[in-house]
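Undergrad: Once you've had a glance at the structure underneath, I'll fire off some questions.
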Amino acid sequence: MLKVRSFTAELVTALLLLAAIAALFAHTFSFAPSPVRGYPGAGFFPRLALIGAGLFTLAWIGLLLIGGKENRTSDEEDPTEFDFELKDYAISIAAVLAYVFALDVVGFEISTFLLLAVLLLPRIGPVAAIVAGLLTTAVLYGTFVLLLNVSVPLQFLPSYIRF
């Protein structure tokens, strides 16, 4: 368990997010150009979204630096300090990595349910974790597969339903 100041945690998170946004923005320049002259290519809308996310992240960093000065000058006990659970963090990272690799092996339905159930089990109990995992998997399936027609690796749910 680590003691971390809230200001430090937020600043590090914002800077990492800004670095990821910059890397993704640079990656959009490798997308295919538009086949029609004068129209935006495949990277146009991702760039717009990343510019918006970058501006909000810069605003977040600015607010932290402006508003965090009074918290940094005090030498007494910091009320914004919290305990960083390294074990829980490592379990979450391992679960997400396992989810990414399990998608192709066991499919979207099983891997999504298992990820949610495993992460929620210690927090809300077994019955609630199973129900939350099933409901969230069903909502994600309905939203992305049925409504938005996104291709995901499915094992037993149909890839489309005709109404």
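We did not get these values from a lab; they are worked out from the coordinates using the rules stated. Being a predicted model, the structure only gives us computed values, none of them experimental.
Undergrad: For E81, what residues show an amide H to amide H distance below 5 Å, using hydrogens built from the backbone and excluding near sequence neighbours?
TA: Placed amide hydrogens put S6 under 5 Å from E81.
Undergrad: Let me ask you something else. Counting every Cα pair in the chain, what percent are over 26 Å apart?
TA: When all Cα pairs of the chain are counted, 56 percent exceed 26 Å.
Undergrad: Can you list the residues, at least 5 places off or on another chain, whose amide H is less than 5 Å from the amide H of G41, using H built in the peptide plane?
TA: For G41, the qualifying residues are S34.
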